[in-house]
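Since the structure comes first, as structure tokens, the remarks are kept for the end.
The values are calculated or read from the model by the stated rules, or taken from the named source; none is laboratory data. Predicted model, so just to flag it, every value in this text is computed and none were measured. When we count neighbours, we look across all protein chains shown, and the Cβ atoms used for this are built from the backbone with ideal geometry, even at glycine.
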């Protein structure tokens, strides 16, 4: 059971890092390319971000659950570190969704309207908070995937 839990942690955390990076690359290209009108970019944000957060909560939540259930597959120190990293990431993601994203979504609803005062500040907060959150999951994923010291690969 603990091996399966660690496998889930490794897979889910690595999947989230890859998915989040791809999401950001696509989002930045779409909004900065100049190929879409403001209304279209607003609509894309309102369509895509709820799925982004949902997948983040699912994958990081699975990472946390796997870390909790990983038992002796990792040292107690590493297990605690994974639990703290993934748990903190979920708290930050929830903060970002409730305090940053939802107000930003209100500011661009209906799509295409002029950006109100405070939009840029919240948008910068969102970028910073998401970067910190992704960094925590990346560190957790690397920690989960790192070979255990003194354990030979049984072939």
I'm trying to understand the selection: among the residues of region 51-90, which are more than 12 Å from the chain's Cα centre (by Cα) and loosely packed, with under 14 Cβ neighbours inside 10 Å?
71, 72, 75, 76, 77, 80
Answer residue from region 16-49, given it is under 12 Å from the mean Cα position of the chain (by Cα) and surrounded by fewer than 17 Cβ atoms within 10 Å (Cβ to Cβ) and is farthest from residue 104 (Cα to Cα) among those:
18
Search result, residues across region 1-15 that are touching a helix residue (DSSP H, G or I) at 6+ places or on another chain (Cβ under 6 Å) and either in a loop (DSSP other than H, G, I, E, B) or surrounded by 16 or more Cβ atoms within 10 Å (Cβ to Cβ) (or both):
5, 6, 8, 9, 10, 12, 13, 14, 15
In a helix (DSSP H, G or I), modelled with pLDDT under 95 and within 27 Å of residue 113 (Cα to Cα): is that true of residue 42 in this structure?
yes
Does region 28-46 contain at least one residue that is under 22 Å from residue 138 (Cα atoms) and touching a residue at least 24 places away in the same chain (Cβ under 8 Å)?
no
Regarding region 125-135, can at least one residue be identified that is over 17 Å from the mean Cα position of the chain (by Cα), surrounded by fewer than 17 Cβ atoms within 10 Å (Cβ to Cβ) and assigned to a helix (DSSP H, G or I)?
no
The correct count of residues that are over 17 Å from residue 12 (Cα atoms) and under 20 Å from the mean Cα position of the chain (by Cα) in region 92-110 is 13
Under 7 Å between Cβ atoms, which residue pairs at least 6 apart in sequence (or on different chains) link something in region 107-129 that is at positive phi with a partner that is at pLDDT below 95?
112/38; 112/39; 112/42
Filter region 91-103 down to the residues that are free of Cβ contacts under 8 Å to residues at least 40 places away in the same chain and either closer than 18 Å to residue 42 by Cβ or touching a strand residue (DSSP E or B) at 6+ places or on another chain (Cβ under 9 Å) (or both), then identify the one that is surrounded by the most Cβ atoms within 10 Å (Cβ to Cβ).
100
